[in-house]
Amino acid sequence: MVKDILKINKVTKKFGGLVALRDVSFNVQKNQITGLIGPNGAGKTTLFNTMSGVYKADHGEIVFNDKNIINLPAHRIADIGIARTFQIARPFLDLTVTENVLVGLGEKNYQGIIKPFKLSKNAVNIKKANEILEMVGMIEFNKHKASDLSLGYKRRLGIARALALDPEVLMLDEPLAGLGKDVSSKMLELVQKLKEDKMTIVIIEHDMEAIMSICDKIIVLNQGEKIAEGKPEEIQNNKEVVEAYLGKDEINA
Amino acid sequence: MYAIVVMINIGIFVLLALSLNIITGYAGQPNIGQGAFFGIGAYSAAILTGKFGIYFWFAMPFAAIITGFIGLFLGLISIRIKEDFLAIVTIALNFIVAAVFQNVEFFGAAMGLAVPTPYWFGSPLSYRGYLYLVIVLIILVVIFSKLIEKSWIGLALGAIRNNEMAADSLGIDTKKFKILAFVLGTAIAGLTGAVYAHYMTFIMASDFNFITSVTILSMVILGGNNTIRGPIVGAIILGLIPELFRFISDYRLLVYATILILMIRFQPSGLLGDDSFVWTRLKGLKTRFMEKRRAQ
């Protein structure tokens, strides 16, 4: 029996007159990879930003472990157990790679006024950070500044940082964009490894081959609305999805 | 005697540069109005001791609290207004504060405020006493800065300095930590102001104008923003220059502006920043020296 860990229910987000998301609903199942695809401007990143508290939704519900978390501030959503990465990697450039991960490990120490003054770089925390770096395969860079890293490793660092929160759900925003073939396939291996480690993953990605190969379920957005949902093979043969990407077939119309 | 006066003056600027470093260095928030908070501390303490007859030693922490409280409002503003715009707000704030001191009768207006002499175990605090006081405060502020660097608050501020959105996504309440940085940084400036007011025995609005703020900022940028050694060295260099070359004081603003432009263009991390020309070479020398010693 698969459990719905995250329920997105009729979420609507408007920017002035533009409806970026219209009544989007779907469920995310525990320990599965849920893919979010759609043409440019479909509202995928807007949905991510709404789910992670960056944007305030106009209405709708996001239920995580039976609790409505919609419109909680971003740092609260991170606390609760939903971590995310960004399309542009957003590393903390002037901190070292280990420090970048430590920031995520500190999650429980940022509350109140006294706790933040506790020392952060003790042996236990450094060890934990290095274990995470080991897992994402970048331990050899732990003493480098994040600004020294290549794009691929900056993305990996984004994932490492998010994992430091020990989340139940990990949301990845285009982890493969701009990466070469080798780096890209290694990133996919990492995502698959995370799934084997019982992580629940929601992923936005434009690389169709990749998304079809790793996802258990795919949600298709177009112009702010969900147009399809199903297993990869169902999505591949869905007429509406093909039309959204390639345009209508004029001859048969 | 002259040497002690110069050392106290420089010590006061060291404290101010370290206080600004918490805001511009650790939290990465622009602030070209730190002089205003220096002034708020000075006037608060002067009024507490002069008008209400409170002991200097109680007035000093009180002045820090009052200043930190006003710093909290700047922190609140920083949540809404960011980067260049926030820099402009801090400049405006400096002008407003200086204008209030200059024009409100309660603050002595254009006549300034005379400040009573504090006592230390029955005898008036001497210049030597002020020097010791300033040195003790510098040591405390350095320890406090080190604590920030080594604790979670340092990591939280580091995350905010680099990328607020990402910091938020990792469970950091960015609003709270920005406000905290402003409160701590301004409170230390206020504490310094309290010492300054009593040491000078007389204060007026022009002591805390925009030029003072630019001076403090130049010290931090010259030495190295986001380090402890940087602001200290910057304050010593810029504090000594006018003593060594008298004529420079007439061209102070020209000198500060040139320093700011040159540093930001060629050494944005300052003379002693982590990846500055000087610091990387000093570190290279140190490792070579260690290797030599090991070889022997």
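Only one of the numbered conditions (1) modelled with pLDDT of 95 or more; (2) away from chain B (no Cβ under 11 Å) is not met by residue A:43, and that is (1). Restricting attention to segment A:7-42, the residues being in contact with a helix residue (DSSP H, G or I) (Cβ under 9 Å, 6 or more places away or on another chain) and under 23 Å from residue A:188 (Cα atoms) number 8. If you go through segment B:159-171 and pick out every residue that is at the interface with chain A (Cβ under 7 Å from one of its Cβ atoms) and either surrounded by fewer than 24 Cβ atoms within 10 Å (Cβ to Cβ) or among the hydrophobic types (A, V, I, L, M, F, W, C) (or both), you end up with 7. Taking each residue of segment B:90-109 that is at positive phi and looking for partners that are surrounded by 14 or more Cβ atoms within 10 Å (Cβ to Cβ) and of a type in the set (A, V, I, L, M, F, W, C) with beta-carbon atoms closer than 9 Å, six or more apart or interchain, yields B:108/B:46; B:108/B:101; B:108/B:203; B:108/B:204; B:108/B:205; B:109/B:101; B:109/B:205. In the list B:70, B:65, B:79, which residue meets the criterion of being touching a residue at least 60 places away in the same chain (Cβ under 8 Å) and over 22 Å from residue B:49 (Cα atoms)? Exactly one of B:70, B:65, B:79 is touching a residue at least 60 places away in the same chain (Cβ under 8 Å) and over 22 Å from residue B:49 (Cα atoms), namely B:79. Here is a check on your reading of the model: is residue B:26 of a type in the set (Ser, Thr, Tyr) and touching a Phe, Trp or Tyr at 6+ places or on another chain (Cβ under 7 Å)? The answer is no for residue B:26.
Of all the numbered requirements in (1) over 24 Å from residue A:101 (Cβ atoms); (2) touching a residue at least 60 places away in the same chain (Cβ under 8 Å), residue A:242 misses one, and that requirement is (2). Name the residue that is farthest from the other protein chains (Cβ to nearest Cβ), counting only residues in segment A:150-183 that are surrounded by fewer than 19 Cβ atoms within 10 Å (Cβ to Cβ) and within 24 Å of residue A:125 (Cα to Cα). Out of the qualifying residues, it is A:168.
If the condition is being assigned to a loop (DSSP other than H, G, I, E, B) and in contact (Cβ under 8 Å) with a residue 40 or more places away in the chain, then segment B:120-142 contributes only B:125.
So that you can scan it fast, the table gives a plain yes or no per residue for (1) at pLDDT 90 or above; (2) part of a helix (DSSP H, G or I); (3) of a type in the set (D, E, K, R); (4) surrounded by 16 or more Cβ atoms within 10 Å (Cβ to Cβ):
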position: B:216; (1), (2), (3), (4): yes, yes, no, yes
position: B:220; (1), (2), (3), (4): yes, yes, no, yes
position: B:238; (1), (2), (3), (4): yes, yes, no, yes
position: B:241; (1), (2), (3), (4): no, yes, no, no
position: B:248; (1), (2), (3), (4): no, yes, no, no
position: B:258; (1), (2), (3), (4): yes, yes, no, no
position: B:270; (1), (2), (3), (4): yes, no, no, yes
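If you filter segment A:99-117 down to residues that are polar (S, T, N, Q) and buried (at least 18 other Cβ atoms within 10 Å of the Cβ), you find that the one that is farthest from the other protein chains (Cβ to nearest Cβ) is A:100. Quick check on residue B:235: is it over 14 Å from the mean Cα position of the chain (by Cα) and not acidic (Asp, Glu)? No, not satisfied.
Restricting attention to segment B:44-62, the residues being touching a residue at least 40 places away in the same chain (Cβ under 8 Å) and either under 17 Å from residue B:204 (Cβ atoms) or not in a helix (DSSP H, G or I) (or both) number 7. Scanning segment A:84-93 for residues being more than 7 Å from chain B (Cβ to nearest Cβ) and touching a residue at least 40 places away in the same chain (Cβ under 8 Å) gives a total of 4. Taking first residues from segment A:169-194 that are in contact (Cβ under 8 Å) with a residue 12 or more places away in the chain and partners that are part of a helix (DSSP H, G or I) and among the charged types (D, E, K, R), the Cβ contacts under 6 Å between residues at least 6 apart in sequence or on separate chains come to A:175/A:155. The combined condition, being over 26 Å from residue A:215 (Cα atoms), within 12 Å of chain B (Cβ to nearest Cβ) and out of contact with any Ser or Thr (no Cβ under 8 Å at 6 or more places or on another chain), is fulfilled by residue A:96.
Scanning segment A:60-83 for residues that are touching a strand residue (DSSP E or B) at 6+ places or on another chain (Cβ under 6 Å), within 12 Å of chain B (Cβ to nearest Cβ) and over 16 Å from residue A:23 (Cβ atoms) turns up at least one hit. Scanning segment B:42-58 for residues that are hydrophobic (A, V, I, L, M, F, W, C) and buried (at least 24 other Cβ atoms within 10 Å of the Cβ) gives B:42, B:45, B:46. Only a single criterion out of (1) assigned to a helix (DSSP H, G or I); (2) modelled with pLDDT of 95 or more; (3) within 14 Å of another protein chain (Cβ to nearest Cβ) is not satisfied by residue B:98, namely (3).
Residue-by-condition table, conditions (1) within 15 Å of the chain's Cα centre (by Cα); (2) not in a loop (DSSP other than H, G, I, E, B):
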position	(1), (2)
A:6	yes, yes
A:14	no, yes
A:22	no, yes
A:35	yes, yes
A:39	no, no
A:42	no, no
A:48	yes, yes
A:54	yes, no
A:71	no, no
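Of all positions in segment B:275-290, at least one carries a residue that is over 21 Å from the mean Cα position of the chain (by Cα), under 21 Å from residue B:161 (Cβ atoms) and of a type in the set (Phe, Trp, Tyr).
The values are calculated or read from the model by the stated rules, or taken from the named source; none is laboratory data. It should be emphasised that the depicted structure is a prediction, and the values quoted were computed from it without experimental measurement. A quick note on method: Cβ atoms are made from the backbone with ideal geometry, for glycine too, and the neighbour counts reach across all protein chains shown.
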